[in-house]
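**Q** Could you have a look at this structure, given as C-alpha cells, before my questions?
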Amino acid sequence: MRLITRDAVQLFLSAKLRSGLSWTTVKSLRTTFGTVMAAAEIADLIPNNPVRKTRFPRRGPAKQRAVIAPEKVRDFMDALPEPSRSVAWLLVLTGLRIGELLAVRWRNVDLEHGTLRVTESVYAGHFDVPKTQRSQRTVPLAAKAIQILAARKPAVMNPEALVFATRTGTPFGRHNLTNKQLKPTCKKSGVSWHWLRHANATLLDAVGTPLGTVQALLGHSSSEITREVYLHSIPADARAAVEKVEELLHRRKLTQVEEDRKLGSSLIQ
C-alpha cells in the first residue's frame, strides 16, 4: 500500500474513464478506494491518503435518453416477439427490474386479488434477494398485466416454477433476450429493459401519481433516485406545462379585471 502514489491513482482513474465506464461509476470507485486508503492512514499503515490528492474531472453532459411517449412504448412492445413482448409489457405496467421479473415464481402471483410479490432477483442464472429492503414489495396488477400472466399460467401449476422459464425450467437470460429479440426490434432507438422501467415511472408521474407512491412501486430506497433518475418528461406533458405557464403569466388578475370593468362603466356614463 505504501507504493501507491497519487500519480498512480490518477492514472488508474483516467484509464477507467477512457475505458467507457460512466462518470458515476468511476467516482464511486474513487470514493471506495479513498475510504480504504483513509482507513490505512488512520491505522498508520501509510503516511497519507494518496486518493485524497487526486483531481476528478467535472461531469460532462449526460447522454440524451430516448423519448418516452405512450405511443412509442405501445408500438415498440407490440413489435416484439414472445416471450419478450410479455416481459416488456409487464416491465412497463409494474416497474419491476428485469432481474426481479425473471425471478418471479407462480407462488408470488395472485391473479384473483391482482397482486405480485417481489421476493427474489436473478442475474446470469443466480438467484439472490432484491437489491434493497424496499425492493421486497407487493405490486398491484392492472387488467392488462393480469391478462398476460393468466395467458402464461400452466394448467398444472408448480408454485415454485418460474413465470418466465426455458423448457428446462431455468430462468431466461436477460442478455439472450436482449441479443435475440430486443436489439433486432429496437435497433438504434435506445430502448433497453431498464428503459421500460423508466417508462413506468414517467407514465405514473404523467397521471399525477404522488412521488412517494412511485418510489414504493419501484422499490427505491430514496425518493431522490426516483425524482432525479427515473422521471422523464413526456413530450406532450412538457408542452402542456409550458402552455400552462404562459397562460398563468398572461392571465389578468381578477382585481385588474374588476377595475377595467368599473372604468368602462364610468366612460359609458
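**Q** Return the only residue of ALA145, ALA151 being within 18 Å of LEU93 (Cα to Cα), open to solvent by 80 Å² or more (accessible area, probe 1.4 Å), hydrophobic (A, V, I, L, M, F, W, C) and modelled with pLDDT of 90 or more.
**A** ALA151
**Q** Separate question: Which of the residues belonging to the stretch 2-21 are assigned to a loop (DSSP other than H, G, I, E, B) and either under 22 Å from ARG59 (Cβ atoms) or not β-branched (Val, Ile, Thr) (or both)?
**A** ARG2, LEU3, SER19, GLY20, LEU21
**Q** What is the one condition in (1) at pLDDT below 90; (2) open to solvent by 60 Å² or more (accessible area, probe 1.4 Å); (3) closer than 30 Å to ILE148 by Cβ; (4) part of a helix (DSSP H, G or I) that PHE76 does not satisfy?
**A** The failed condition is (2).
**Q** Residues that are assigned to a helix (DSSP H, G or I), within 26 Å of VAL214 (Cβ to Cβ) and open to solvent by 90 Å² or more (accessible area, probe 1.4 Å): does the stretch 103-114 have at least one?
**A** no
**Q** Let me ask something else. Mind checking which residues of the stretch 167-201 are outside any loop (DSSP other than H, G, I, E, B), within 17 Å of ASP75 (Cα to Cα) and not charged (D, E, K, R)?
**A** GLN181, LEU182, PRO184, THR185, CYS186, TRP193, TRP195, LEU196, HIS198, ALA199, ASN200
**Q** Conditions: (1) more than 20 Å from PHE172 (Cα to Cα); (2) modelled with pLDDT of 85 or more; (3) surrounded by 12 or more Cβ atoms within 10 Å (Cβ to Cβ); (4) of a type in the set (D, E, K, R). ARG55 meets all but one. Number of the miss?
**A** (3)
The values are calculated or read from the model by the stated rules, or taken from the named source; none is laboratory data. The structure presented is a predicted model; accordingly, all values stated were derived computationally and were not measured. Note that we place each Cβ from the backbone using ideal geometry, even for glycine, and neighbour counts take in every protein chain shown. Protein only, heavy atoms only, side chains kept; ligands, DNA and RNA dropped before computing areas. Shrake-Rupley method; radii C 1.70, N 1.55, O 1.52, S 1.80 Å.
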